[in-house]
Amino acid sequence: MRRSLARLSIPLREPFVTSGGVVAERELVLLRLEADDGTVGYGEAAPLTPYDGVTIDEVVDALRNGNGGPPQARAAEEMALLDLEANRAGRAIGEPGADAIPVNRTLAGGPPGEVAERAAQGVREGYSCFKVKVGLPDDDERVAAVREAVGPWPAVRIDANGAWSVADAVSAIERLAAYDLQLVEQPCATLEEMATVRQSVSVPIAADESVATAADVRSAAAYGACDIVNVKLAPSGGFSAAREALREAAAHGLGAFMSSTLDGPWGIAAALQLAAAERVQLACGLATLELFDATLALALPPPADGLLVVPQGPGLGLAIDDAAIAEVLVEELGQ
(Lines give C-alpha, C1' and ligand atoms only; values in the text may rest on other atoms or scores of the structure.)
Protein backbone atom coordinates (compact mmCIF):
# COMPACT_ATOMS: atom_id res chain seq x y z
CA MET A 1 0.00 0.00 0.00
CA ARG A 2 1.47 3.34 -1.06
CA ARG A 3 0.58 6.34 1.06
CA SER A 4 1.19 10.07 0.83
CA LEU A 5 0.23 13.11 2.86
CA ALA A 6 -0.55 16.66 1.82
CA ARG A 7 -1.04 19.71 3.99
CA LEU A 8 -3.82 22.00 2.80
CA SER A 9 -4.90 25.50 3.77
CA ILE A 10 -8.34 26.58 2.57
CA PRO A 11 -9.20 30.30 2.86
CA LEU A 12 -12.58 31.27 4.24
CA ARG A 13 -14.76 33.82 2.48
CA GLU A 14 -14.76 35.84 5.69
CA PRO A 15 -13.34 35.24 9.17
CA PHE A 16 -15.36 32.71 11.18
CA VAL A 17 -15.94 34.22 14.62
CA THR A 18 -16.99 32.19 17.68
CA SER A 19 -16.49 32.49 21.42
CA GLY A 20 -13.35 30.38 20.95
CA GLY A 21 -11.64 32.76 18.54
CA VAL A 22 -11.39 33.60 14.86
CA VAL A 23 -10.62 31.22 11.98
CA ALA A 24 -9.51 32.84 8.71
CA GLU A 25 -8.29 29.72 6.91
CA ARG A 26 -8.84 26.00 7.43
CA GLU A 27 -5.80 23.77 7.61
CA LEU A 28 -6.31 20.07 6.85
CA VAL A 29 -4.17 17.02 6.20
CA LEU A 30 -5.12 14.79 3.27
CA LEU A 31 -4.09 11.14 3.32
CA ARG A 32 -3.96 9.27 -0.01
CA LEU A 33 -3.71 5.48 -0.13
CA GLU A 34 -3.09 3.51 -3.30
CA ALA A 35 -3.31 -0.26 -3.39
CA ASP A 36 -1.21 -2.45 -5.66
CA ASP A 37 -4.18 -2.81 -8.03
CA GLY A 38 -4.31 0.99 -8.46
CA THR A 39 -7.41 1.55 -6.31
CA VAL A 40 -7.19 4.83 -4.40
CA GLY A 41 -8.73 6.03 -1.16
CA TYR A 42 -8.65 9.44 0.53
CA GLY A 43 -8.93 10.34 4.19
CA GLU A 44 -9.10 13.75 5.78
CA ALA A 45 -7.62 14.76 9.13
CA ALA A 46 -9.38 17.87 10.41
CA PRO A 47 -8.08 19.04 13.79
CA LEU A 48 -9.23 22.50 14.86
CA THR A 49 -7.05 23.71 17.71
CA PRO A 50 -9.48 26.31 19.16
CA TYR A 51 -12.16 23.58 19.29
CA ASP A 52 -10.34 20.36 20.17
CA GLY A 53 -6.82 21.41 21.21
CA VAL A 54 -5.19 19.22 18.55
CA THR A 55 -2.63 20.69 16.16
CA ILE A 56 -1.89 19.91 12.54
CA ASP A 57 1.66 18.89 13.48
CA GLU A 58 0.37 16.30 15.97
CA VAL A 59 -1.81 14.78 13.28
CA VAL A 60 1.00 14.76 10.72
CA ASP A 61 3.33 13.02 13.17
CA ALA A 62 0.71 10.37 13.93
CA LEU A 63 -0.05 9.70 10.27
CA ARG A 64 3.64 9.48 9.43
CA ASN A 65 4.46 7.14 12.30
CA GLY A 66 1.31 5.03 12.17
CA ASN A 67 0.91 5.15 15.94
CA GLY A 68 -2.80 5.92 16.13
CA GLY A 69 -2.41 9.34 17.68
CA PRO A 70 -5.24 11.83 18.13
CA PRO A 71 -8.75 10.94 16.94
CA GLN A 72 -8.47 13.15 13.85
CA ALA A 73 -5.55 11.04 12.60
CA ARG A 74 -7.44 7.82 13.27
CA ALA A 75 -10.43 9.25 11.42
CA ALA A 76 -8.27 9.95 8.36
CA GLU A 77 -6.77 6.45 8.37
CA GLU A 78 -10.16 4.78 8.60
CA MET A 79 -11.75 7.09 6.03
CA ALA A 80 -9.02 6.40 3.47
CA LEU A 81 -9.34 2.64 3.95
CA LEU A 82 -13.14 2.75 3.75
CA ASP A 83 -12.95 4.90 0.61
CA LEU A 84 -10.44 2.56 -1.01
CA GLU A 85 -12.40 -0.58 -0.20
CA ALA A 86 -15.70 0.93 -1.30
CA ASN A 87 -14.17 2.26 -4.53
CA ARG A 88 -12.91 -1.24 -5.27
CA ALA A 89 -16.36 -2.70 -4.58
CA GLY A 90 -18.22 0.00 -6.50
CA ARG A 91 -20.36 1.07 -3.53
CA ALA A 92 -20.60 3.93 -1.05
CA ILE A 93 -18.83 3.74 2.31
CA GLY A 94 -22.17 3.91 4.13
CA GLU A 95 -25.22 1.70 3.79
CA PRO A 96 -28.14 2.98 1.69
CA GLY A 97 -30.31 5.44 3.58
CA ALA A 98 -31.82 8.85 3.04
CA ASP A 99 -31.15 10.53 -0.29
CA ALA A 100 -30.71 13.96 1.31
CA ILE A 101 -30.03 15.33 4.78
CA PRO A 102 -31.60 18.46 6.30
CA VAL A 103 -28.94 21.01 7.22
CA ASN A 104 -28.75 24.26 9.13
CA ARG A 105 -27.03 27.45 8.08
CA THR A 106 -24.32 28.35 10.56
CA LEU A 107 -24.09 32.03 11.45
CA ALA A 108 -20.76 33.08 12.94
CA GLY A 109 -20.30 36.15 15.11
CA GLY A 110 -20.37 39.56 13.48
CA PRO A 111 -22.35 42.82 13.43
CA PRO A 112 -26.02 41.96 14.04
CA GLY A 113 -27.16 43.55 10.80
CA GLU A 114 -24.69 41.58 8.70
CA VAL A 115 -25.51 38.30 10.44
CA ALA A 116 -29.23 38.99 9.99
CA GLU A 117 -28.75 39.59 6.27
CA ARG A 118 -26.98 36.26 5.91
CA ALA A 119 -29.89 34.64 7.73
CA ALA A 120 -32.41 36.34 5.45
CA GLN A 121 -30.44 35.13 2.44
CA GLY A 122 -30.62 31.62 3.91
CA VAL A 123 -34.41 31.84 4.10
CA ARG A 124 -34.51 32.85 0.43
CA GLU A 125 -32.34 29.82 -0.35
CA GLY A 126 -34.72 27.48 1.46
CA TYR A 127 -33.03 26.91 4.83
CA SER A 128 -35.42 26.17 7.67
CA CYS A 129 -32.86 25.94 10.50
CA PHE A 130 -30.20 28.43 11.62
CA LYS A 131 -27.44 28.10 14.21
CA VAL A 132 -26.20 31.34 15.75
CA LYS A 133 -22.83 31.41 17.48
CA VAL A 134 -23.10 33.05 20.90
CA GLY A 135 -20.91 33.63 23.95
CA LEU A 136 -20.00 37.06 22.55
CA PRO A 137 -20.77 40.55 23.87
CA ASP A 138 -23.63 41.32 21.46
CA ASP A 139 -25.53 38.01 21.67
CA ASP A 140 -28.90 39.55 22.48
CA GLU A 141 -28.82 41.97 19.56
CA ARG A 142 -27.59 39.30 17.12
CA VAL A 143 -30.12 36.62 18.07
CA ALA A 144 -32.94 39.19 18.01
CA ALA A 145 -31.83 40.37 14.57
CA VAL A 146 -31.68 36.82 13.22
CA ARG A 147 -35.15 35.96 14.52
CA GLU A 148 -36.56 39.13 12.99
CA ALA A 149 -34.84 38.37 9.68
CA VAL A 150 -36.00 34.76 9.37
CA GLY A 151 -39.51 35.25 10.71
CA PRO A 152 -41.44 33.03 13.12
CA TRP A 153 -41.27 29.60 11.50
CA PRO A 154 -37.62 28.58 10.93
CA ALA A 155 -35.80 26.88 13.81
CA VAL A 156 -33.13 28.98 15.54
CA ARG A 157 -30.40 27.29 17.57
CA ILE A 158 -27.66 28.98 19.55
CA ASP A 159 -24.17 27.60 20.24
CA ALA A 160 -21.95 28.99 23.00
CA ASN A 161 -19.08 26.53 22.44
CA GLY A 162 -18.76 26.14 26.22
CA ALA A 163 -18.13 29.84 26.85
CA TRP A 164 -20.55 30.45 29.72
CA SER A 165 -20.46 29.80 33.43
CA VAL A 166 -23.56 28.14 34.88
CA ALA A 167 -24.94 31.44 36.11
CA ASP A 168 -24.22 33.23 32.84
CA ALA A 169 -25.75 30.36 30.85
CA VAL A 170 -28.97 30.34 32.82
CA SER A 171 -29.29 34.12 32.59
CA ALA A 172 -28.53 34.22 28.85
CA ILE A 173 -30.83 31.33 27.97
CA GLU A 174 -33.71 32.81 29.95
CA ARG A 175 -33.31 36.08 28.03
CA LEU A 176 -32.76 34.55 24.60
CA ALA A 177 -35.62 32.05 25.00
CA ALA A 178 -37.88 34.95 24.03
CA TYR A 179 -36.70 34.32 20.45
CA ASP A 180 -38.17 30.80 20.36
CA LEU A 181 -34.99 28.72 20.49
CA GLN A 182 -34.98 25.13 19.24
CA LEU A 183 -31.97 24.25 21.40
CA VAL A 184 -28.87 25.61 23.12
CA GLU A 185 -25.63 23.87 22.18
CA GLN A 186 -22.77 23.41 24.67
CA PRO A 187 -23.66 26.30 27.00
CA CYS A 188 -20.86 25.38 29.45
CA ALA A 189 -17.59 23.50 29.25
CA THR A 190 -18.40 20.40 31.35
CA LEU A 191 -21.18 17.85 31.59
CA GLU A 192 -21.65 18.64 35.27
CA GLU A 193 -22.22 22.31 34.51
CA MET A 194 -24.55 21.51 31.64
CA ALA A 195 -26.62 19.23 33.89
CA THR A 196 -27.10 22.10 36.32
CA VAL A 197 -28.11 24.45 33.51
CA ARG A 198 -30.51 21.89 32.05
CA GLN A 199 -32.35 21.65 35.39
CA SER A 200 -32.79 25.44 35.41
CA VAL A 201 -34.06 26.21 31.89
CA SER A 202 -36.85 25.03 29.62
CA VAL A 203 -34.94 25.17 26.31
CA PRO A 204 -33.47 21.77 25.25
CA ILE A 205 -29.72 21.43 25.76
CA ALA A 206 -27.39 19.84 23.18
CA ALA A 207 -23.89 18.59 24.00
CA ASP A 208 -21.09 19.03 21.48
CA GLU A 209 -17.50 19.36 22.69
CA SER A 210 -18.30 17.12 25.68
CA VAL A 211 -19.48 14.09 23.67
CA ALA A 212 -16.89 12.93 21.16
CA THR A 213 -17.29 9.19 21.81
CA ALA A 214 -19.93 6.63 22.75
CA ALA A 215 -18.48 6.58 26.28
CA ASP A 216 -18.95 10.35 26.45
CA VAL A 217 -22.57 9.97 25.39
CA ARG A 218 -23.11 7.44 28.19
CA SER A 219 -21.61 9.91 30.65
CA ALA A 220 -23.82 12.71 29.35
CA ALA A 221 -26.89 10.52 29.82
CA ALA A 222 -25.79 9.53 33.32
CA TYR A 223 -25.36 13.17 34.34
CA GLY A 224 -28.63 14.21 32.72
CA ALA A 225 -26.56 16.85 30.96
CA CYS A 226 -28.41 17.11 27.65
CA ASP A 227 -31.42 16.23 25.55
CA ILE A 228 -29.51 16.02 22.27
CA VAL A 229 -25.95 15.27 21.15
CA ASN A 230 -23.98 16.74 18.26
CA VAL A 231 -21.66 14.10 16.80
CA LYS A 232 -18.65 15.06 14.68
CA LEU A 233 -16.60 12.63 12.64
CA ALA A 234 -13.10 13.99 13.27
CA PRO A 235 -13.11 14.37 17.07
CA SER A 236 -14.99 11.08 17.43
CA GLY A 237 -12.13 9.20 15.78
CA GLY A 238 -13.80 8.29 12.51
CA PHE A 239 -16.83 6.83 10.78
CA SER A 240 -17.21 3.77 13.03
CA ALA A 241 -16.68 5.69 16.27
CA ALA A 242 -19.16 8.38 15.25
CA ARG A 243 -21.69 5.68 14.38
CA GLU A 244 -21.26 4.16 17.84
CA ALA A 245 -21.88 7.58 19.40
CA LEU A 246 -25.07 8.06 17.38
CA ARG A 247 -26.36 4.62 18.34
CA GLU A 248 -25.48 5.18 21.99
CA ALA A 249 -27.51 8.38 21.92
CA ALA A 250 -30.51 6.51 20.50
CA ALA A 251 -30.14 3.81 23.18
CA HIS A 252 -30.43 6.48 25.88
CA GLY A 253 -33.35 8.29 24.28
CA LEU A 254 -31.29 11.30 23.23
CA GLY A 255 -31.77 13.15 19.97
CA ALA A 256 -28.77 13.46 17.67
CA PHE A 257 -27.44 15.37 14.72
CA MET A 258 -24.08 15.59 12.97
CA SER A 259 -21.88 18.60 12.30
CA SER A 260 -18.48 19.43 10.92
CA THR A 261 -15.54 21.23 12.46
CA LEU A 262 -15.24 23.25 9.25
CA ASP A 263 -14.31 19.97 7.54
CA GLY A 264 -13.20 19.65 3.96
CA PRO A 265 -15.26 17.84 1.30
CA TRP A 266 -13.94 14.39 2.22
CA GLY A 267 -15.13 14.73 5.82
CA ILE A 268 -18.46 16.23 4.77
CA ALA A 269 -19.10 13.42 2.28
CA ALA A 270 -18.36 10.76 4.91
CA ALA A 271 -20.58 12.48 7.48
CA LEU A 272 -23.45 12.78 5.01
CA GLN A 273 -23.25 9.07 4.22
CA LEU A 274 -23.22 8.22 7.92
CA ALA A 275 -26.14 10.53 8.73
CA ALA A 276 -28.10 8.96 5.88
CA ALA A 277 -27.32 5.39 6.95
CA GLU A 278 -28.28 6.12 10.57
CA ARG A 279 -31.45 8.00 9.56
CA VAL A 280 -30.54 11.18 11.43
CA GLN A 281 -33.64 13.39 11.50
CA LEU A 282 -32.52 16.67 13.07
CA ALA A 283 -30.92 19.28 10.82
CA CYS A 284 -27.17 18.71 10.64
CA GLY A 285 -24.39 21.29 10.65
CA LEU A 286 -22.80 19.99 7.47
CA ALA A 287 -23.46 22.91 5.10
CA THR A 288 -20.07 24.49 5.83
CA LEU A 289 -18.29 24.08 2.50
CA GLU A 290 -20.04 27.30 1.43
CA LEU A 291 -17.82 29.13 3.93
CA PHE A 292 -14.70 28.31 1.87
CA ASP A 293 -13.28 30.55 -0.83
CA ALA A 294 -11.79 27.79 -2.98
CA THR A 295 -12.71 25.40 -5.76
CA LEU A 296 -12.91 22.59 -3.18
CA ALA A 297 -16.10 24.20 -1.92
CA LEU A 298 -17.76 22.98 -5.13
CA ALA A 299 -16.83 19.33 -4.61
CA LEU A 300 -20.36 18.61 -3.40
CA PRO A 301 -23.57 20.22 -4.68
CA PRO A 302 -24.66 23.16 -2.52
CA PRO A 303 -27.73 22.82 -0.29
CA ALA A 304 -31.09 23.22 -1.97
CA ASP A 305 -34.19 23.99 0.08
CA GLY A 306 -32.25 23.25 3.25
CA LEU A 307 -31.16 19.79 2.08
CA LEU A 308 -27.76 18.37 1.15
CA VAL A 309 -27.78 15.50 -1.32
CA VAL A 310 -25.98 12.43 0.00
CA PRO A 311 -23.16 11.27 -2.31
CA GLN A 312 -23.93 7.74 -3.43
CA GLY A 313 -20.39 6.59 -4.15
CA PRO A 314 -18.42 4.86 -5.23
CA GLY A 315 -16.47 5.39 -2.05
CA LEU A 316 -16.94 8.90 -0.71
CA GLY A 317 -18.59 9.82 -4.01
CA LEU A 318 -16.23 12.69 -4.80
CA ALA A 319 -14.45 13.60 -8.01
CA ILE A 320 -11.87 16.23 -7.05
CA ASP A 321 -9.25 17.04 -9.64
CA ASP A 322 -5.60 17.72 -8.90
CA ALA A 323 -5.97 21.40 -9.76
CA ALA A 324 -8.49 21.96 -6.96
CA ILE A 325 -6.10 20.39 -4.46
CA ALA A 326 -3.10 22.28 -5.86
CA GLU A 327 -4.98 25.54 -5.33
CA VAL A 328 -4.91 25.03 -1.54
CA LEU A 329 -1.76 22.92 -1.22
CA VAL A 330 0.78 24.10 1.36
CA GLU A 331 3.19 21.20 1.01
CA GLU A 332 3.38 17.58 0.02
CA LEU A 333 4.64 15.62 3.00
CA GLY A 334 5.42 12.30 1.36
CA GLN A 335 4.95 9.11 3.32
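The values are calculated or read from the model by the stated rules, or taken from the named source; none is laboratory data. Predicted model only: the values in this text are computed from it and were never measured. Note: ideal-geometry Cβ built from the backbone for every residue, glycine included; neighbour counts use all protein chains shown. Calculation scope for accessible area: heavy atoms of the full protein, side chains included, ligands and nucleic acids excluded. Shrake-Rupley method; radii C 1.70, N 1.55, O 1.52, S 1.80 Å.
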* Structure fact -> In nm, the gap between the two label points placed 7 Å beyond Cα toward Cβ at ASN65 and ARG247 is 3.2 nm
* To do: On the full set of protein chains, 1.4 Å probe, figure out the accessible area of VAL201 and give it in Å² to the nearest 10.
  => 20 Å²
* Structure fact -> Helix 191-200: inclination vs the chain longest Cα principal axis, degrees, rounded to 10, gives 30 degrees
* Structure fact -> Treating every alpha carbon of the stretch 144-189 as one equal point scatterer without solvent, the Debye formula yields log10 I(q)/I(0) values at q = 0.24 Å⁻¹ of -0.83
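Would you please give the FRET efficiency between GLU117 and ASP36, computed as 1/(1 + (r/R0)^6) with r the Cβ-Cβ distance and R0 = 45 Å, to the nearest 0.05?
Working: r = 53 Å, r/R0 = 1.18.
In this case the efficiency is close to 0.25.
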* **Accessible area (Å², per residue) of the stretch 78-178, counting only protein heavy atoms and a probe of 1.4 Å** => 40 Å²
* To do: State the answer as a single residue: which of LEU308, LEU298, GLY267 lies farthest towards the positive end of the charge dipole of the stretch 238-335, with beta carbon charges of +1 for Lys and Arg and -1 for Asp and Glu, about the Cα centre.
  => LEU308
* Once amide H atoms are placed 1.01 Å from N in the peptide plane, what residues at a sequence separation of 5 or more from LEU183, or on another chain, have their amide H within under 5 Å of its amide H? -> ILE158
* **Degrees between helix 112-124 axis and first principal axis of the chain (Cα, 0 to 90, nearest 10)** => 70 degrees
* Structure fact -> Note: probe point = Cα of SER171 + 7 Å toward Cβ; backbone nitrogen < 16 Å; residues of the stretch 121-142 passing the test are 135-141
* How are the C-alpha pair distances of the stretch 1-68 spread across 5 Å bins, as whole percents from the shortest bin up? -> 4, 15, 22, 21, 15, 11, 7, 4, 1, 0
* **Length gained when the stretch ALA89-GLU141 is fully extended (0.36 nm per residue, less Cα-Cα span)** => 13.5 nm
* Asked: Rounded to the nearest 0.05, what FRET efficiency do MET1 and ARG218 have when you use their Cβ-Cβ distance and R0 = 45 Å?
  -> 0.80
* Asked: ARG279 to GLU148: FRET efficiency via 1/(1 + (r/R0)^6), r the Cβ-Cβ distance, R0 35 Å, to the nearest 0.05?
  -> 0.55
* Asked: In the chain, what % of DSSP beta bridges are antiparallel (nearest 5)?
  -> 55 percent
* To do: Give the relative contact order (percent, whole number) for the chain; include only Cα pairs under 8 Å separated by 6+ residues.
  => 23 percent
* Give, in nm to one decimal, the length gained when the segment between GLN312 and SER9 is fully stretched (0.36 nm per residue of separation minus the Cα-Cα distance). => 106.4 nm
